[in-house]
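K.L.:
Here it is, the structure in full.
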Amino acid sequence: MALAEQHATTIREKQLLAADGCLLNLNPHARTNNLISQDVVMATLEVAFLHDQLEERKRRLQEAITLSPQQTGLARLLHEVDSALDRMAKGTYGICDECHLSIEQDRLLADPLICYCLDHLTNSQRNALQLDLDLAAQVQRNLLPEVGLHTEGWRTAFHYSPVGPVSGDYCDLIQADGNLFFALGDVSGKGVSASMLMAQLHALFRTLTRMALPLGQIVAGANRVFCESALAGHYATLICGHAKPTGEVEIHNAGHWPAIVVGHGGVLRVESTGLPLGMFCDAEFATTRLHLDPGDMLFLYTDGLTEARSADDEYGADRVTALVRQQFGRPPADVIEASLQDLRTFSHGPLLDDLTLMSIQRSS
Ligand SMILES: [Zn+2]
């Protein structure tokens, strides 16, 4: 997918982004408004973080220049660092030199020296960014679980479609010691930074499930590490579970959309019992325990489904529930396909958000 589509940012969207506490008016001393929102405090923390980063780079550059003064590239970099620090002092940091609107926050965090928004990159900068996105997309595709994974007692299917080259959705199915672990999540934010956090969540969950810990400890551990390593303001909703060959299922829903369980006994929604990962280091996560009979099914999804829109309506969780109930008894891949078909019928146009669906059925 073309870069322009991934980062289609209109002026109106940028104004909204700026209003939402993006890095506009970054100088903490320049603010006189008493109503400092959480977003602005977050931005202040990020500016403080970037400021420290720049000072550290400046110190290292000065050391390197002393050691090899003939390297002219180092002096140019030092000049760029100085000018970024100067913009911070003046309160103009994070504003595009060309259009004077705010530069995308995740890009500044990745490269604090940039002076232009995505709409005003040079061709060579644009090409370099496209290469980065292609690489990130390739990394992300390699993290997806095995298609049609079949474990003792369980059959699975999933659908994963980023709206741009990369996605902040996390989708995983792991077979460990005869058990099935499943996870589906949604990292806040968009673009490469969200996709890198998704990769981090993937690594955490994969590592912790192999340690044969109770699921509650896996989620609490993943939360702590995610909390300590993610940038301020980034978090992830996550629904994950442990399915045993006997049909016992343990589910943790940390701030995610409800899982839908459909069986001979009717329909059940497993609602969130906790906050998203990355918000509080010491959060606790409650467990929901279920028993699924052969043929019973579990359906998970991200907001790319529930928040999809038609001309005048939102898809919503009730429609997901109705569809899954209607599909009861069909194989997991068919349920995914029926769900996609229903979404296409509902929304007509192209998808506007990352979409991930997962269907898990107890086999006999
Ligand atoms: Zn611009």
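We did not get these values from a lab; they are worked out from the coordinates using the rules stated. The structure presented is a predicted model; accordingly, all values stated were derived computationally and were not measured. All Cβ positions, even for glycine, are placed from backbone atoms using ideal geometry, and neighbour counts span all protein chains on display.
K.L.:
Taking 0.36 nm per residue of separation and subtracting the Cα-Cα distance, what length does fully extending T72 through Q341 add?
P.N.:
Length gained between T72 and Q341: 91.0 nm.
K.L.:
To continue, here is another question. Report the full-extension gain for the segment E98 to L113: residue separation times 0.36 nm, less the Cα-Cα distance, to one decimal in nm.
P.N.:
Here the answer is 3.9 nm.
K.L.:
Taking 7 Å along the Cα-to-C-beta vector as the label spot, tell me the D52-I65 distance in nanometres, rounded to one decimal.
P.N.:
So the label points at D52 and I65 sit 2.4 nm apart.
K.L.:
Take the Cα of V267, step 7 Å along the line toward its Cβ, and report every residue of the range 291-316 whose backbone nitrogen sits under 13 Å from that point.
P.N.:
Flagged as within label range: 299, 316.
K.L.:
Oh, and also: Order of 297-309, 175-187, 94-106, 316-328 by packing, highest average Cβ count within 10 Å first?
P.N.:
297-309, 175-187, 94-106, 316-328
K.L.:
Answer with one residue from T209, Y170, N253: the one whose Cα lies farthest towards the positive end of the charge dipole of the range 143-362, charges on Cβ with Lys, Arg +1 and Asp, Glu -1.
P.N.:
T209
K.L.:
Within the set of other residues whose C-beta is less than 13 Å from the C-beta of P245, count the net charge using Lys and Arg as +1 and Asp and Glu as -1.
P.N.:
0
K.L.:
Let me ask something additional. Angle check, please: helix 316-326 long axis (alpha carbons) against the longest principal axis of the chain (alpha carbons), in degrees 0 to 90, nearest 10.
P.N.:
Computed tilt is about 30 degrees.
K.L.:
Under 1.5 on a/c is rounded, so check that first for the range 143-362, then, if it is not, pick prolate when a/b is larger than b/c and oblate when it is not; a ≥ b ≥ c are the square roots of the alpha carbon gyration tensor eigenvalues.
P.N.:
Cα axes put the range 143-362 in the oblate bin.
K.L.:
First check a/c for the range 52-135, with a ≥ b ≥ c the square roots of the eigenvalues of its C-alpha gyration tensor; if it is under 1.5, answer rounded, and if not, answer prolate when a/b is larger than b/c or oblate otherwise.
P.N.:
It comes out oblate by the Cα gyration axes.
K.L.:
Between 0 and 90 degrees, rounded to the nearest ten: what's the tilt of helix 72-90 against the longest Cα principal axis of the chain?
P.N.:
In the chain, helix 72-90 runs at an angle near 80 degrees to the longest axis.
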